[in-house]
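Everything on this sheet refers to the single structure shown next.
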Number of protein chains: 2
Amino acid sequence: MSMIAQPVAPEPTPRSLPSRTVAVAEGDGIGPEITAAVLSILRAADPTLGFEPVVVGLKAYESGAMAGFGADLMQAITRHGVLLKGPITTPQGGGFKSVNVSLRKTLGLYANLRPCVAYHPFVQTLHPGIDVVIVRENEEDTYAGIEHRQSNEVYQCLKLITRPGCERIIRYAFEYARAHGRRKVTCMTKDNIMKLTDGLFHKVFDEFAPLYPDIATEHMIIDIGTAKMAVSPERFDVVVTLNLYGDILSDVAAEVAGSIGLAPSSNVGQTCAMFEAVHGSAPDIAGQDIANPSGMLLSAVMMLVHLGRGAPATRIHNAWLRTLEDGLHTADIFREGSARCVGTREFADAVIARLDQRPERLAAVDYPAQDPESLVHPTADAMPCRVATKQLVGVDVFLNWDQPGRDANDLGARMEALAGPQFRLSLITNRGVKVYPDGLPQTLCTDHWRCRFPAAGEDSATPYAIAALLVRIAEAGLDAVKTENLYTFDGERGYSQAQGE
Amino acid sequence: MSMIAQPVAPEPTPRSLPSRTVAVAEGDGIGPEITAAVLSILRAADPTLGFEPVVVGLKAYESGAMAGFGADLMQAITRHGVLLKGPITTPQGGGFKSVNVSLRKTLGLYANLRPCVAYHPFVQTLHPGIDVVIVRENEEDTYAGIEHRQSNEVYQCLKLITRPGCERIIRYAFEYARAHGRRKVTCMTKDNIMKLTDGLFHKVFDEFAPLYPDIATEHMIIDIGTAKMAVSPERFDVVVTLNLYGDILSDVAAEVAGSIGLAPSSNVGQTCAMFEAVHGSAPDIAGQDIANPSGMLLSAVMMLVHLGRGAPATRIHNAWLRTLEDGLHTADIFREGSARCVGTREFADAVIARLDQRPERLAAVDYPAQDPESLVHPTADAMPCRVATKQLVGVDVFLNWDQPGRDANDLGARMEALAGPQFRLSLITNRGVKVYPDGLPQTLCTDHWRCRFPAAGEDSATPYAIAALLVRIAEAGLDAVKTENLYTFDGERGYSQAQGE
């Protein structure tokens, strides 16, 4: 492999791009040195891009900002719409919150993108063909963080899935696929079990798919899908999935690609976006000029593409690929066959020296200089949401009940008597399993019982009837810990039935 | 590789075991032929084991049993405590329920075990060293199947995690590890996000670990853990995890082992257990005598061990390993290097012919003839559950509110006015993100709002006060769709705080 950089297909001198400023946070640990390296490359490739430094991470925590950033960061990101962020060290304990979780939630960064690519044979991998982008919903699911302990024994977390949330992440996945010349979008859910919540995600996917006839679509159950990602990731292109599944799946994809140290990511919202490497702040090697700036550099490339600055993005990405090919490797990926082990600074200089070159063996990239607005606001023309007619048809009342023996028939008899004229008791479940009427002795009964009260008559379920039911339950000395109203929407049942119902 | 079976370390003639009958369901597709093969091997190795045939699957569905089995199966499994089950074809649509989900729920089969083993070099695998058992909680989590649509836009699934549920699966994992000479149990959760629910699972794991000082323990976050299972499964031994994570993780482990067609599984409860292959009913190759009976055979081995019949389990398992080594392979694993491609029947005969042999290259097994009761009832002496003092300290009321503009400040003002003397409004969140007071314009607001009402005074939160609050909300024309009471337990907050609370 030649050590001397030979221009292969020289790029035309880029026409001047409009001036633009982005917020940059160098972060902790190796953050400052990799940020310096990345900015030097950006300055060389995109001279009209400016940077506003902002503070995030340890310095912010130490100055009392529990979220790891202060008002200046919020102002900068709101002003510029974009943050390029170095890795952060979150202090342990003491109520410090993760910067990413805080930013994601407060700025509405609903899409988390993780491209996972193998750079075979220059970086070791079990799956040379992998080139996949995971598009993970970033705000909903069990990550909304709504948990309640309801009895001595039972803890609950709410999984919330919304139609607008599904629409914008799925729309984003399709728009991303189209803008990047991707051919297929795979949707992964567990809708064979969670028919309402995951079912909604799958349904919205099926609604949007026809709007993108140029893109192939498929759906997989998440368990099989993740397993296939582990053993044959080459079969995937773009994958869109719910928050929790995407969390697991993107780590699997990054590991099997073998390039987690090189992996970039973005968190994209309606009005702003944040770009950062997947790796951490590695304080053990900080300040030694040996860290690999590639993850943050490729994140910066994603940022340029997001901003519609396709020309410098293409130059940097191809120069970086050529540097890998030329065997100039930082210590983390240096191995037999590498030409030379270089430091952070020298690696950046090598990329700058190759800004007019393209890779010879790895696939070169060519980002279009698209209108960034088409990607940043994919939901501007979301599906019109038909408002369904909602009707209250009953209520599930959850009890904390721990009478000795925990005999569901005892509880059933008491609740039958309390149903009143507006309701009837249709069943009691314990952890979702029917225990009344006709329960089975094998069922483990915790101290947490769901009593289902359908309306006895057409219009007898009202908020007042529910409040009165709660009063009767309290007067009987029973402990209702929560309620879930039962509704139909356009006449269709809006709640799951219990086993045997 | 020798084609002639040479006894290497002949087993002593097994002493006669007590008579025992198990229920057997042959299932659909290839089920009948692999069941016949497996029973012939069981008869040869364990003559005092009897079989009661039961109907499950298509024949049961066709006779009107929507769950895929009838009362006869329930009676047989209750009588014998054990079911060996062939693969089932679940008819599509029409309300047919999965046999496994139905059996699991009604019989309380709380532990799903999936051993994943590589048989290198006789069966192809990327990870020759994998030998892991996934112990998956089988009843709780989002799989309790409690879902409610609450507004035009928002759907909810409850994730329920209980202390007794955590205790028995974790106890089972440790007991299993000890009984099978395993050295390490890894617990996987996402308790950095779900601090109450997943936090409970992790906490119970940490409580039980000291009772098993002979077994090493570790905890991993499920995203990293699943990724490590994909690329370095050799580092794991026994893994215990929650239902959803276990569903994904066990498919990943089975795929990377490369032997999903050979993989057995068990579903174990307090009083009964079910054993079956992981693979499906493969109707396309049914009746041709080419199916591989190994998955069901290894499931039968797990059943024998579960019943304390270690001697025949050892004989069968070693004979099966020797058959693999001898290159007698069914079509699914036949390849260059195999000695001969054999049919279902011939494969079974080959195993029977080797019942006094042990493998020469693969690791032989030696199951102890343990007391089965120690495994079947691991929770008999569960941790004493201290009853905490619960105090009602407020309520979260969830509203469906879709006034034009969806201005949280409007809603906040209205709810402040409705709080009454017993409560105060502390905040409103939308999908878990605080939108009142001091919301941010970037937050996407759905039509679903959580209003948190802490008690205004020490004892002012009562069930009656909550019912009265609901009445005031209804009178104001607002639509409360659910409530979640807020409690402390022994003075400790039993609910998550919102971002910024």
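Below are the figures for this structure:
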quantity	calculated
Restricting segment A:132-143 to residues that are farther than 30 Å from B:R386 by Cβ and not charged (D, E, K, R), the residue that is nearest to the other protein chains (Cβ to nearest Cβ)	A:Y143
Condition met for B:A474 (in contact with a strand residue (DSSP E or B) (Cβ under 8 Å, 6 or more places away or on another chain) and free of Cβ contacts under 8 Å to residues at least 24 places away in the same chain)	yes
Some residue of segment A:220-232 being buried (at least 22 other Cβ atoms within 10 Å of the Cβ), without any contact (Cβ under 8 Å) to a residue 24 or more places away in the chain and assigned to a strand (DSSP E or B)	no
Search result, residues across segment A:446-468 that are buried (at least 20 other Cβ atoms within 10 Å of the Cβ) and facing another protein chain (nearest Cβ under 9 Å)	A:T446, A:D447, A:H448, A:R450, A:I466, A:A467
Index of the failed condition, B:V82 passing every other in (1) closer than 18 Å to B:N267 by Cα; (2) within 13 Å of chain A (Cβ to nearest Cβ); (3) touching a helix residue (DSSP H, G or I) at 6+ places or on another chain (Cβ under 9 Å); (4) touching a residue at least 24 places away in the same chain (Cβ under 8 Å)	(2)
Boolean, B:A291 is modelled with pLDDT of 95 or more and in contact with a helix residue (DSSP H, G or I) (Cβ under 7 Å, 6 or more places away or on another chain)	yes
B:D438 being of a type in the set (D, E) and surrounded by fewer than 18 Cβ atoms within 10 Å (Cβ to Cβ)	yes
Selection status of A:L126, under 30 Å from A:L39 (Cα atoms) and of a type outside the set (F, W, Y)	no
Checklist (1) without any contact (Cβ under 8 Å) to a residue 40 or more places away in the chain; (2) surrounded by fewer than 17 Cβ atoms within 10 Å (Cβ to Cβ) applied to B:R406, failing item	(1)
Residues (closer than 22 Å to B:G494 by Cα and at the interface with another protein chain (Cβ under 7 Å from one of its Cβ atoms)) located in segment A:469-483	A:L470, A:A474, A:A480, A:V481, A:K482, A:T483
Unmet requirement for A:G165, which otherwise passes all of (1) more than 11 Å from every other protein chain (Cβ to nearest Cβ); (2) not acidic (D, E); (3) not in a strand (DSSP E or B)	(1)
Criterion violated by B:F236 - all others in (1) modelled with pLDDT of 95 or more; (2) buried (at least 24 other Cβ atoms within 10 Å of the Cβ); (3) within 17 Å of the chain's Cα centre (by Cα) satisfied	(3)
Residues of segment B:195-233 classified as closer than 19 Å to B:R163 by Cβ, in contact with a Lys or Arg (Cβ under 8 Å, 6 or more places away or on another chain) and within 12 Å of another protein chain (Cβ to nearest Cβ), total	5
Residue match in segment B:271-280 (condition: assigned to a loop (DSSP other than H, G, I, E, B), within 11 Å of another protein chain (Cβ to nearest Cβ), among the hydrophobic types (A, V, I, L, M, F, W, C) and farther than 24 Å from A:G246 by Cα)	yes
Count of residues meeting criterion [charged (D, E, K, R), more than 37 Å from the chain's Cα centre (by Cα) and farther than 23 Å from B:A476 by Cβ] in segment A:443-501	4
Residue that is touching a helix residue (DSSP H, G or I) at 6+ places or on another chain (Cβ under 7 Å) and buried (at least 21 other Cβ atoms within 10 Å of the Cβ), where the choices are A:R431, A:R472	A:R431
Filter result (aliphatic (A, V, I, L, M) and closer than 18 Å to A:I134 by Cα) within segment A:268-295	A:V268, A:A273, A:M274, A:A277, A:V278
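Okay, residues lined up against (1) at pLDDT below 95; (2) over 20 Å from B:R431 (Cβ atoms):
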residue: B:C157; (1), (2): no, no
residue: B:L160; (1), (2): no, yes
residue: B:G165; (1), (2): yes, yes
residue: B:I170; (1), (2): no, yes
residue: B:A173; (1), (2): no, yes
residue: B:A179; (1), (2): yes, yes
residue: B:V185; (1), (2): no, yes
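Okay, residues lined up against (1) over 22 Å from A:V397 (Cα atoms); (2) assigned to a helix (DSSP H, G or I); (3) of a type outside the set (G, A, S):
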| residue | (1), (2), (3) |
| --- | --- |
| B:Y119 | yes, no, yes |
| B:Y155 | no, no, yes |
| B:I170 | yes, yes, yes |
| B:F174 | yes, yes, yes |
| B:R182 | yes, no, yes |
| B:M194 | yes, no, yes |
| B:G199 | yes, yes, no |
| B:K203 | yes, yes, yes |
| B:A209 | yes, yes, no |
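The values are calculated or read from the model by the stated rules, or taken from the named source; none is laboratory data. In this text the structure is predicted, and so the values were computed from the model without any measurement. We place every Cβ from the backbone using ideal geometry, glycine too, and count neighbours over all the protein chains shown.
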